[in-house]
Amino acid sequence: MLFKRMNKRNLVSTLVAIVALLAGCIFVQNGESLLWTKIISKILIFSIAALALNVVCGCLGEFALGHGGFLLLGYTAAVLIATFTKNMIGADFYKEFVYTTRGGLQPLGYLILTSDVLIAAVITGLFGFVVGIIALGRLKGDYLAIVTLGVSLIFVNITKNIPALGGAQGINININLGGSPLIYGIMLVVSIFLILTFMKSRFGRATLACRDDNIAAEACGVAVNKSKVLTFTFSALIAGLAGALYAHFNAFKPIEFGQDLSIELLIIVVLGGLGSLTGSIISAGIIVFYNLWFCTRSWVPEFFASNPKIIYGIILVVIMLFRSSGILGTAEFSWDWFYGLFKKLKNKLIKNKKETPKEVE
Amino acid sequence: MELFFEGLKNGLAMGSVFALMALGYSMVYGIVKMINFAHSEFITIGGFVAFFLAALFHDVLGWAYSVGMLLLCLAGAIVVCVIIAILTERFAYRPLRKKGSSRITALITAIGVSYILNGILNAINNKQLQFPTFFDNDTAFIISIVVTAALLILLTFFVKKTKVGIAMRAVSENEEAAKLMGINNNFIIALTFVIGSALAAIGVVIYLLRVPFFTFELGSSTIGLYPFVAAVIGGIGSLPGSVLGGFLIGILKEFAAVFGISAWSDVIVYGIFVIILLFKPAGLLGKDVREKV
Amino acid sequence: MLEVKNLSVTYNGNIRALKSINLKVDQGELVVLIGANGAGKTTLLKALTGLVKCDSGSFANLDLTSLTDKRTLNRFCGSNITDKLLAEFGTSEKVFKFLQKAETDETKKIKGLSINQIKRLKTKYQKYATADLLKVPSYNAIMYGVAHVPEGRQVFANLTVQENLEMGSYRRHNVLKIKEDLKEVFERFPRLEERKKQKAGTLSGGEQQMLAMARAMMSKPKILLLDEPSMGLSPIFVNEIFDIIKSLHASGITILLVEQNAKAALSIADYGYVLETGKIVMEGKASELLVNEDIKKAYLGA
């Protein structure tokens with residue numbers, strides 16, 4: 001994927017990229033711009049969510065239209081756990097050992113944050129398991145998409161109606177437990193690592209086989225249903241992770257996790273390319289950037305800002321008509337390609353240099 | 001007990017609306033094999049045209065007011081919806097069919113089209129507008145039941161007995177063989193969309209008779225995915241199934257309202273949806289299609 | 001008679017499925033195309049009816065008295081002229097026969113039509129008759145008298161036997177004639193009549209093949225393209241199908257038969273072509289091909 005050949009150069013490049021990413025996060029975090037913090041954070045979180053969806057849609061080949069529901073689960077779980085911990089420990093203790101005076105977090109704070117995110121992810125994974133077992137065995141294609149959408153709407157509706165879980169206004173972590181681009185960046189790297197491990201393992205390869213041909217895969221001894229459910233559970237877990245991080249990012253109402261969010265995630269995945277992990281990250285960047293930066297510029301006509309849906313629709317239709325595989329298709333951003341590009345540029349420059357002396361003569 | 005009957009009556013009325021819209025989804029899915037997500041926007045467009053005409057000609061027609069207005073709104077809504085449907089099919093869906101795209105590509109394109117239409121509609125206005133009432137509740141109820149029953153019978157006759165109807169079924173079975181029979185696939189598919197959108201238009205006008213409020217989110221939010229769920233529950237591709245599904249969902253929704261738990265109607269409807277699909281994936285009246293190895 | 005000139009088909013830009021095929025089927029002949037799997041036989045038939053795109057070539061049906069009914073005539077020359085022609089000749093078949101003669105007899109006057117009009121009509125007909133069918137969309141092939149029974153039967157599984165047959169006559173409008181033809185078909189294929197209300201998908205392979213052929217006949221074609229009718233059928237049915245093909249041949253229809261069962265096919269055919277990896281490698285009278293040593297070794301299992 002990221003590297004066809006696991007050689008020193010590729011490994012180093014990847015490490016450098018990760019460090020650059022995290023450094024960038026720290027930079028933004030300590031910078032003045034609240035907007036950029038918001039943008040970068042949201043990009044990172046949405047990347048994780050998009051990656052989760054891509055695992056099911058791109059790698060498993062089954063279309064799930066309801067990942068918004070899993071994000072909601074992660075969000076709600078994280079909030080509940082955090083609130084519970086706070087109530088148990090007490091607000092004073094929080095002031096002493098969890099926060100710093102500048103509003104950041106002490107190590108204990110980071111510990112609490114990490115654990116509530118991870119627990120929320122696991123809980124969501126469990127729900128994903130249940131949904132997967134029920135739905136994946138019996139339904140295919142369009143039906144699966146609609147059922148997953150329906151399930152996510154059930155989650156939204158339940159959460160909306162039970163005040164303890166959110167009510168119409170939603171709940172939030174009303175204690176600032178931090179959450180910053182750095183954390184999201186680390187989580188993104190962790191997620192990518194988890195996904196790559198999964199995809200390279202026998203489970204991942206079984207999943208890819210199922211995508212291409214269910215029956216042939218079965219004939220090869222792949223327990224198709226098992227693989228599907230496993231992949232779906234894993235995807236729900238990552239989505240829950242993203243949802244939990246979302247809880248630390250901002251406060252949201254349950255209704256914001258409905259159909260619109262699920263479709264937005266689908267757009268991101270399709271735009272980036274089904275099956276391309278780097279593609280999802282890139283397109284998450286594009287979409288969030290469009291929403292939070294482009295639409296808020298004063299020089300952008302009112303029309304776009306208040307009707308982002310039209311642009312989404314146009315993007316979707318255009319991409320489906322002209323390049324239905326998305327920006328990157330099923331390929332990944334590869335260092336080989338990147339350096340290859342470098343080389344080409346270098347050669348071009350050298351060629352020019354060689355020619356100029358002659359002309360002078 | 002009284003509550004029960006009220007719920008039943010409202011449910012049947014609402015159900016007939018859902019049934020008509022479900023028929024639209026069902027025909028398109030059955031023959032073109034795609035979920036036309038943009039159907040919900042056709043509904044909104046139909047409603048808008050009806051509202052516009054009603055507002056415009058409010059004072060013109062005299063004694064024939066009620067019936068006349070109804071027919072006028074129906075005609076207008078149908079015409080505009082059909083035009084939009086034809087354009088959508090011609091420019092968004094047909095190129096995909098020509099390329100031989102997958103079903104998911106078609107589904108995503110449909111979502112895209114629905115977003116575009118929704119965006120355009122919302123840009124016009126986003127207030128809730130009042131629709132004039134032509135009939136009292138009871139008459140409206142009778143009209144909706146009669147219209148739904150009539151259309152179901154008409155459609156069934158069309159699909160079973162007329163040449164073009166049989167050709168539609170042939171196209172849904174096997175496009176290539178249909179071409180060899182001299183059937184113009186593109187025409188048949190366009191015709192399917194025409195019928196589907198006309199049904200959506202009729203459905204929304206009937207809806208507005210009883211619930212006289214129009215917003216630009218009518219198709220996408222207020223009515224939302226319910227007709228689609230109805231079609232799937234009843235058995236997508238089956239005409240009586242869609243109608244049955246429509247009535248079922250309508251009754252569920254109205255009973256929830258009557259017993260004061262309408263906030264939970266989503267959970268109830270989608271819950272039943274998931275349960276039915278688990279035990280009978282082809283829907284209540286659908287045919288179980290087994291994949292041939 | 002059917003004439004294919006220089007037909008080439010390429011898949012995906014570089015796989016040449018058919019290379020410059022030249023093929024002729026005379027009126028009333030039964031011509032067979034044999035070849036191994038993958039030789040391109042099915043591709044050829046699909047190209048003829050436009051189901052597969054060709055890079056080059058032409059396909060003409062030079063005997064165009066298809067669908068002789070008043071409505072087609074109306075569409076061809078307008079109702080005014082149609083009425084005058086019918087008044088002169090009586091039946092639409094006779095009108096078409098008249099139009100087929102390329103030369104105009106200047107002495108013979110037709111009431112209401114000038115010589116120039118008749119000349120123009122005849123030129124128009126000639127253009128129609130020699131039209132390159134490869135440029136015609138698939139769903140109009142049938143209007144030029146070409147009926148294609150595709151590989152694998154391809155009946156409409158969820159439609160009844162009767163509905164399948166009705167689809168065969170989709171482009172015809174003379175309701176009475178269609179009813180008559182339906183009766184004839186049922187007489188010829190009593191088994192189909194027994195099952196006429198049954199869904200076509202529930203029929204056995206052999207019955208489905210009969211249905212597919214009967215369905216094609218319902219369009220009253222001038223040319224019948226049969227793609228591997230015996231494929232996947234039990235031996236008894238194979239015999240039955242070939243008997244049916246023989247009787248169709250006897251009734252005067254021009255048939256282009258594509259078959260893997262070379263022996264059975266060659267024994268009922270007039271003429272044969274051998275297709276190998278997209279090229280015609282041999283042709284000749286069917287009786288000669290049957291005894292040809294190379295053919296025997298390659299296809300007849302000698």
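The values are calculated or read from the model by the stated rules, or taken from the named source; none is laboratory data. These numbers come from a predicted model, not from an experiment. With ideal geometry, Cβ positions are generated from the backbone for all residues, glycine too; neighbour counts draw on all protein chains shown.
Out of segment C:37-50, which residues are assigned to a helix (DSSP H, G or I), touching a Leu at 6+ places or on another chain (Cβ under 9 Å) and within 13 Å of another protein chain (Cβ to nearest Cβ)?
C:45, C:48
Any idea how many residues of segment B:74-123 are in contact (Cβ under 8 Å) with a residue 60 or more places away in the chain and closer than 15 Å to residue B:32 by Cα?
Total satisfying the criteria: 12.
Look through C:245, C:241 and report the one residue that is within 22 Å of the chain's Cα centre (by Cα) and under 20 Å from residue C:48 (Cβ atoms).
Only one candidate passes the filter, namely C:245.
If you scan segment A:139-153, which residues turn out to be closer than 16 Å to residue B:280 by Cβ and more than 7 Å from chain B (Cβ to nearest Cβ)?
Of everything in segment A:139-153, those that are closer than 16 Å to residue B:280 by Cβ and more than 7 Å from chain B (Cβ to nearest Cβ) turn out to be A:140, A:144.
What do you reckon, is residue A:237 more than 14 Å from chain B (Cβ to nearest Cβ) and either surrounded by 24 or more Cβ atoms within 10 Å (Cβ to Cβ) or at pLDDT 90 or above (or both)?
Taking the combined requirement at face value, the residue satisfies it.
Do we find that residue C:53 is basic (Lys, Arg), farther than 24 Å from residue C:229 by Cβ, in the same structural domain as residue C:267 (by TED's automatic domain parsing) and not in a strand (DSSP E or B) in this structure?
It is true that residue C:53 is basic (Lys, Arg), farther than 24 Å from residue C:229 by Cβ, in the same structural domain as residue C:267 (by TED's automatic domain parsing) and not in a strand (DSSP E or B).
Say we look at segment C:46-61 and pick out the residues that are more than 11 Å from residue C:7 (Cβ to Cβ) and of a type in the set (A, V, I, L, M); which of these is modelled with the highest pLDDT?
Only one residue fits best here, namely C:51.
Condition first: among the aromatic types (Phe, Trp, Tyr) and within 24 Å of residue A:81 (Cα to Cα). Can you find one or more residues in segment A:255-266 that meet it?
Yes, there is a match, as at least one residue in segment A:255-266 is among the aromatic types (Phe, Trp, Tyr) and within 24 Å of residue A:81 (Cα to Cα).
Just checking: which of the helices (runs of 4 or more DSSP H) contained wholly in segment B:11-127 hold 2 or more residues that are within 14 Å of chain A (Cβ to nearest Cβ), within 26 Å of residue B:244 (Cα to Cα) and hydrophobic (A, V, I, L, M, F, W, C)?
It comes to B:103-124.
Give the number of residues within segment A:160-191 that are out of contact with any helix residue (DSSP H, G or I) (no Cβ under 7 Å at 6 or more places or on another chain), modelled with pLDDT under 70 and more than 18 Å from residue B:266 (Cβ to Cβ).
Matching residues across segment A:160-191 total 2.
Just give me the residues in segment A:14-48 being at pLDDT below 75 and buried (at least 17 other Cβ atoms within 10 Å of the Cβ), in sequence order.
Scanning segment A:14-48 gives A:28, A:29.
Quick one: would you say residue A:313 is free of Cβ contacts under 8 Å to residues at least 24 places away in the same chain, of a type in the set (Gly, Ala, Ser) and surrounded by 17 or more Cβ atoms within 10 Å (Cβ to Cβ)?
Yes: the conditions hold for residue A:313.
Scan segment C:141-171 for residues that are more than 7 Å from chain B (Cβ to nearest Cβ), surrounded by fewer than 22 Cβ atoms within 10 Å (Cβ to Cβ) and more than 11 Å from residue C:219 (Cα to Cα) and jot them down.
The answer is C:151, C:152, C:160, C:162.
What is the number of the single condition among (1) in a helix (DSSP H, G or I); (2) at pLDDT below 90 that residue C:233 does not meet?
Single failed check for residue C:233: (1).
Being among the β-branched types (Val, Ile, Thr), touching a helix residue (DSSP H, G or I) at 6+ places or on another chain (Cβ under 8 Å) and modelled with pLDDT of 85 or more is the requirement here; does residue A:263 meet it?
Criteria met by residue A:263.
Kindly establish whether residue B:211 is surrounded by fewer than 18 Cβ atoms within 10 Å (Cβ to Cβ) and away from every other protein chain (no Cβ under 12 Å).
yes
Within segment A:248-282, how many residues turn out to be in a helix (DSSP H, G or I) and under 27 Å from residue B:224 (Cβ atoms)?
Qualifying residue count, segment A:248-282: 17.
Specify which of the listed residues (C:264, C:216) is of a type in the set (A, V, I, L, M, F, W, C), assigned by TED's automatic domain parsing to the domain that holds residue C:24 and surrounded by fewer than 21 Cβ atoms within 10 Å (Cβ to Cβ).
C:264
Mind checking which residues of segment B:93-113 are modelled with pLDDT of 85 or more and in contact with a Ser or Thr (Cβ under 6 Å, 6 or more places away or on another chain)?
If the condition is that a residue be modelled with pLDDT of 85 or more and in contact with a Ser or Thr (Cβ under 6 Å, 6 or more places away or on another chain), then B:113 is the only one that fits.
Condition (residue is modelled with pLDDT of 75 or more and either more than 30 Å from residue A:232 (Cα to Cα) or facing chain B (nearest Cβ under 10 Å) (or both)) applied to segment A:107-130: is it met by at least one residue?
No.
Among C:252, C:278, C:272, which is the only one that is surrounded by fewer than 18 Cβ atoms within 10 Å (Cβ to Cβ) and either closer than 24 Å to residue C:27 by Cα or not charged (D, E, K, R) (or both)?
C:252
Is segment C:237-253 home to any residue that is outside any helix (DSSP H, G or I), more than 14 Å from chain B (Cβ to nearest Cβ), more than 18 Å from residue B:166 (Cβ to Cβ) and without any contact (Cβ under 8 Å) to a residue 24 or more places away in the chain?
Among the residues of segment C:237-253, at least one is outside any helix (DSSP H, G or I), more than 14 Å from chain B (Cβ to nearest Cβ), more than 18 Å from residue B:166 (Cβ to Cβ) and without any contact (Cβ under 8 Å) to a residue 24 or more places away in the chain, which makes the answer yes.
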